[in-house]
C-alpha cells in the first residue's frame with residue numbers, strides 16, 4: 001500500500017502511533033496479568049484531544065469499568081496493560097482473619113472517590129449481617145483479604161440485635 | 001479430670017500437637033488456599049519437626065512443605081511465607097505487549113526449593129494433543145501474579161520447541 005501524505009508539526013509519525021479502532025475488543029490486563037476484560041470504548045478528551053481512558057466491557061453479572069489513562073502502564077496492538085491491580089475486582093474474594101478463620105466474602109468495595117485506592121470493604125457470610133472492614137485493618141489484599149492480627153471482627157448474625 | 005503427668009524435662013505447656021496441624025487449611029502468602037495439612041513430618045534422627053504434607057484434593061498431586069516456608073500456625077489455618085511455585089501451572093502467559101503466548105503446562109525448579117528455573121508453556125496455537133512446549137527461563141519472567149507476565153516480546157522467545165517434560 002502506498003504511504004499516505006503526512007502533515008505534521010511536532011506530532012509522532014504515523015508508523016509510531018496506534019490505530020485505536022484496532023484496539024477495540026483487545027484485552028485489558030492488570031499489573032499481575034489478571035484479565036480485567038476487553039475494551040469496548042476508547043475515550044478522548046474533546047479539549048486536549050489526548051486519550052482519557054478506556055471502557056472495559058461488562059456483562060449481565062459484571063459492571064463495565066472505565067479506567068483512566070493514569071492507570072495505564074503500556075498500550076500495545078494486543079492489549080492495554082495497567083500499572084495497578086483493579087480494586088473493584090476483589091468483590092467476592094474471601095476475607096480471612098489472622099487466625100485463618102474465613103469470616104465471609106467481599107460484597108461491596110468502597111474506594112476513595114473514583115480512584116483505585118481501597119477505603120474498605122463490606123463483608124458478608126451466609127448467616128451474618130453485612131459489616132465494614134476498613135483498609136487499615138487489612139494485612140494484604142491479593143487472592144483473598146487477610147486481616148491484621150489485632151483486628152476484632154464485628155461480625156453479627158441475623159439473630160443478634162443491632163445494639 | 002486428673003492432671004496429666006509430664007516427664008518432658010521442659011515446659012511444654014505452650015507446645016502445639018499434631019492435632020493442631022492436621023486437617024487445617026494451608027494458606028499461601030497471597031491468601032490463596034493451597035490444601036489441607038494431612039501429615040506432620042518429623043526427622044527420624046533428630047526428632048525435629050521438618051514440615052507438613054498437604055493434600056490438594058483428588059485431582060491435584062500432594063505437596064510437601066518444609067518448616068522454613070511456614071509463617072505461622074493459627075487456630076484455624078497454617079500460613080505460609082511463600083506462594084507455592086507449582087501453583088503457576090495453568091496460568092496464562094502474556095508477553096511484554098500483552099499478547100497471549102499460551103498456558104503453563106509444567107515447570108522446572110532449583111532442586112527442591114520454591115524457586116522457578118524454567119516455565120514450559122503450551123502455545124495457544126498448538127493442538128490439544130500436541131507435545132510442543134516453549135521453554136521460558138526465569139530471566140524472561142516479569143511478574144507471576146494472577147497470570148504470568150514476561151519482560152520480552154513473543155518474537156524474542158526461543159524459537160525451538162522442547163518435547164513435553
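The values are calculated or read from the model by the stated rules, or taken from the named source; none is laboratory data. Values in this document were obtained by computation on a predicted structure and should not be read as measured data. Note that we place each Cβ from the backbone using ideal geometry, even for glycine, and neighbour counts take in every protein chain shown.
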For this session: Go through B:98, B:102, B:90 for me and flag whichever is at the interface with chain A (Cβ under 8 Å from one of its Cβ atoms) and on the phi > 0 side of the Ramachandran plot.
Result: B:98
Exercise. Quick one: is residue A:89 surrounded by 12 or more Cβ atoms within 10 Å (Cβ to Cβ), within 30 Å of residue B:71 (Cβ to Cβ) and modelled with pLDDT of 95 or more?
Worked result: no
Seminar exercise, completed: Counting only residues that are farther than 18 Å from residue A:148 by Cα and within 13 Å of chain B (Cβ to nearest Cβ), the stretch A:94-122 contains a total of 0
Seminar exercise, completed: Restricting the stretch A:18-73 to residues that are part of a helix (DSSP H, G or I) and touching a residue at least 40 places away in the same chain (Cβ under 8 Å), the one farthest from residue B:141 (Cα to Cα) turns out to be A:22
Seminar exercise, completed: Among the residues of the stretch A:74-115, the number that are at positive phi and in a loop (DSSP other than H, G, I, E, B) is 3
Exercise. Counting just the residues of the stretch A:116-147 that are loosely packed, with under 13 Cβ neighbours inside 10 Å and at pLDDT 90 or above, which one comes out nearest to the chain's Cα centre (by Cα)?
Worked result: A:117
Seminar exercise, completed: Given (1) under 30 Å from residue A:21 (Cα atoms); (2) out of contact with any helix residue (DSSP H, G or I) (no Cβ under 8 Å at 6 or more places or on another chain); (3) assigned by TED's automatic domain parsing to the domain that holds residue A:143, residue A:116 misses just (2)
Seminar exercise, completed: Counting only strands (runs of 3 or more DSSP E) wholly inside the stretch B:56-118, the ones holding at least 1 residues that are under 15 Å from the mean Cα position of the chain (by Cα) and either modelled with pLDDT of 90 or more or surrounded by fewer than 16 Cβ atoms within 10 Å (Cβ to Cβ) (or both) are B:63-66, B:70-73, B:77-80, B:100-109
